[in-house]
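Just so it is clear, none of the values below were taken in a lab; they were calculated from the coordinates. What you see is a predicted model, and the numbers here were worked out from it, not measured in a lab. We place every Cβ from the backbone using ideal geometry, glycine too, and count neighbours over all the protein chains shown.
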Amino acid sequence: MYFVSSNDNKFKEIKEMLYEYSSTRLLIEHKKMKLKEIQSSSLVEVAKVKANDAFDVLREKVMVEDDGLFIESLNDFPGIYSSFVYDTIGNIGILDLLKNKKSRRATFKSVIAFYDGKKFKVFNGQVKGLISENMVEGGWGFDPIFIPENMSVPFGQMDLKSKNKYSHRNLALKKFYSWYEEYNEKS
Ligand code: IMP
């Protein structure tokens, strides 16, 4: 199976997580590819199109992921625009937008989509947390500013194992994995 993404960090985390829960070691290869990313109000729709696109090219089982950071006091912005916002105003821009806001509550969401030409499935994972007052060193993407619930430091200051324990990605992946084990045995 291919995990299709242009993001090395996502694959690094996924590989480590699968290694932890898999007794049979699901073989998963990273295919670095930029996929079609539609404008949609739903992460699920975006992930579905990505999975179709990846399958069309590779003709093998594929898994793709789409994420978003939803900040409560910004009416869920950047949400589906997370990638664009990260590339434009970045973490500093987000901290600026939150300067006079009372609430710093946010949710990090992950949608993993699987497609093998026959079966199409999506899995959601989400973690609630807070946007930090300042940016920390370390991590990638929004890691330097996202503090998962009940923790005192942002993802950026956690090692891979600790981040994986709390991440939106891990929650979606766990659901995928338990479904896939059964599906794979039957097919
Ligand atoms: P994407 O469109 O799925 O690649 O993700 C939207 C944005 O969220 C991108 O800017 C990613 O860098 C960022 N992102 C996704 N997952 C994470 C994460 O686990 N940590 C930090 N940033 C992330």
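Quote to one decimal, in nm, the extra length available between GLU16 and TRP179 on full extension: 0.36 nm per residue of separation minus the C-alpha distance between them.
Taking GLU16 through TRP179 to full extension adds about 56.8 nm, to one decimal.
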Note to self, the chain gives a 222 nm [θ] from helices alone (DSSP H runs n ≥ 4, -39500 (n - 2.57) apiece, / all residues, nearest 500) of -11500 deg cm²/dmol
Can you list the residues of region 120-147 with backbone N under 12 Å from a point 7 Å past the Cα of ILE92, pointing along Cα to Cβ?
135
Estimated FRET transfer efficiency (LYS165, GLU37; beta-carbon r; R0 30 Å; 0.05):
0.55
P(r), alpha carbons of region 2-186 - 5 Å bins starting at zero, rounded %:
1, 8, 17, 21, 20, 15, 10, 5, 2, 1, 0
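Rounded to the nearest 5, what is the percent of antiparallel bridges among the DSSP beta bridges in region 2-186?
Of those bridges, close to 85 percent are antiparallel.
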One would report the Cα pair-distance distribution of region 96-187, bin width 5 Å, in %, as 3, 13, 21, 19, 14, 11, 8, 6, 3, 2, 0
If you average the sequence gap of Cα pairs under 8 Å that are 6 or more apart and divide by the length of region 2-186, what percent do you get for the contact order?
18
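If you place +1 on the Cβ of every Lys and Arg, -1 on the Cβ of every Asp and Glu, and leave all else neutral, what size is the dipole of the chain about its Cα centre, to the nearest 20 Debye?
On the way: 29 positive and 26 negative charges, 63 e Å.
My answer is approximately 300 debye.
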Which of ARG105, ARG59 comes first, and how do the rest follow, when ranked by fewest Cβ neighbours within 10 Å?
ARG59, ARG105
Given the Cα-Cα distance of ASN9 and LYS101 and 0.36 nm per residue of separation, how much length would full extension add, in nm?
30.1 nm
